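Note sheet for the following structure.
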Amino acid sequence: TAEEYLESLKGKVWLIPKNFLEVSGEVLGEGKFGSVMRATVSSQGRPQSCNTQVIPRLEEEHLRKAMLRDLDSTIRVGQHPALACLLGICEEPTATLVAMEQGENRLKQWLLGSRALTHHPQYAAQHSRTATAREEVVLELAAGLASGLAHLEQVGVSHGAVCARNVLMAGETGAKLAGFGM
């Protein structure tokens, strides 16, 4: 049953105590099973920003099983520096909250913001460049994402939607692939 499947998954993931997870109420978007909100989780005594999908109790068996399959895939991925990985889950009476690592903005916005001809025409003319993004940074991002994709392949998880909107920026030169599993 779905309940037995969920119990088997709980042994593989950090069950976040309710008082360790603070959901801001700021909706970032809609996931397959519920709203994604900005949150903070207390991990090892330090607050860590995260994105939390709030999944209401699903009544339909096929939806519960689909959600559990996605959660299982997310758990199987484990931890990787180039992937937005699962931090843990928190169960409430009316919902399950799935906490994932957070990125500040998406690669798509970063690339659009680096258009020198549009946003920095003087820089573009002075340096004969069409973008403010340095080639070595872009290559570092691509190599990190390729490493993350190789990890997904090793654990048998298919992404299915690799695109700039599913890449979260982590600092100035790091990126985390999101949009797999949950």
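Here, each number is a calculation from the coordinates, and none is a lab measurement. Bear in mind that the values here come from a model prediction, so they are computed numbers and not experimental data. Because the Cβ atoms are built from the backbone with ideal geometry, glycine has one as well, and the counts that use them run over all protein chains shown.
With θ taken as phi - 60° and the coefficients 6.51, -1.76 and 1.60, list the Karplus ³J(HN,Hα) couplings across the stretch 113-130 in order, rounded to whole Hz; mark glycine and proline as x.
Coupling constants for the stretch 113-130: x, 8, 5, 5, 4, 8, 9, 9, x, 5, 4, 4, 5, 5, 10, 6, 10, 9 Hz.
How large is the Rg to Rh ratio of the chain when both quantities use alpha carbon positions and Rh follows Kirkwood?
On the way: Rg = 18.5 Å, Rh = 17.8 Å.
When Rh is taken as the Kirkwood radius, the ratio is 1.04.
Given the C-alpha centroids of the stretch 110-182 and the stretch 1-73, what is the distance between them in whole angstrom?
27 Å
Do you know the relative contact order of the chain, to the nearest whole percent, from alpha carbon pairs under 8 angstrom that are 6+ apart? Mind dumping the intermediate values first?
Working: 295 pairs, mean separation 38.3, N = 182.
It rounds to 21 percent for the chain.
State, to one decimal in nm², a quarter of the convex hull surface area for the C-alpha atoms of the stretch 61-107, i.e. the direction-averaged projected area.
Directional mean of the projected Cα hull area for the stretch 61-107 stands at 4.4 nm².
Name the residue farthest towards the positive end of the dipole of the chain from the options Ala164, Tyr123, Gly31, assuming +1 on Cβ of Lys and Arg, -1 on Cβ of Asp and Glu, about the Cα centre.
The Cα lying farthest towards the positive end belongs to Tyr123.
Could you tell me the ratio Rg/Rh of the stretch 11-115? Both radii from Cα atoms, Rh via Kirkwood.
Radius of gyration over Kirkwood radius for the stretch 11-115 works out to 0.98.
Would you mind checking the tilt of helix 135-154 against the longest principal axis of the Cα atoms of the chain, expressed as 0 to 90 degrees and rounded to 10?
The two axes meet at around 30 degrees.
Just to verify a number: FRET efficiency for Glu172 and Ala125, C-beta to C-beta distance, R0 = 22 Å, to 0.05?
Working: r = 24 Å, r/R0 = 1.11.
Approximately 0.35, to the nearest 0.05.
Over all alpha-carbon pairs of the stretch 16-70, lay out the pair-distance distribution in 10 Å bins, whole %, shortest bin first.
Calculated P(r), rounded to whole percents: 23, 42, 31, 4.
Restricting to DSSP H runs of at least four residues, report the calculated mean residue ellipticity at 222 nm for the chain, -39500 (n - 2.57) per run over all residues, nearest 500 deg cm²/dmol.
Taken over the chain, the calculation gives -10500 deg cm²/dmol.
Could you give me the ³J(HN,Hα) list for the stretch 54-70, computed from phi with Karplus coefficients 6.51, -1.76, 1.60 and θ = phi - 60°, whole Hz, x at Gly and Pro?
Coupling constants for the stretch 54-70: 9, 9, x, 4, 8, 7, 7, 4, 5, 6, 4, 5, 5, 5, 5, 4, 5 Hz.
Determine the relative contact order of the stretch 1-85: mean sequence separation of Cα pairs under 8 Å and six or more apart, normalised by residue count, in whole percent.
Once divided by the residue count of the stretch 1-85, the mean separation gives 23 percent.
P(r) for the stretch 93-160: what percent of alpha-carbon pairs falls in each 10 Å bin, starting at zero?
Going from the shortest bin to the longest, the percentages are 16, 30, 27, 17, 8, 2.
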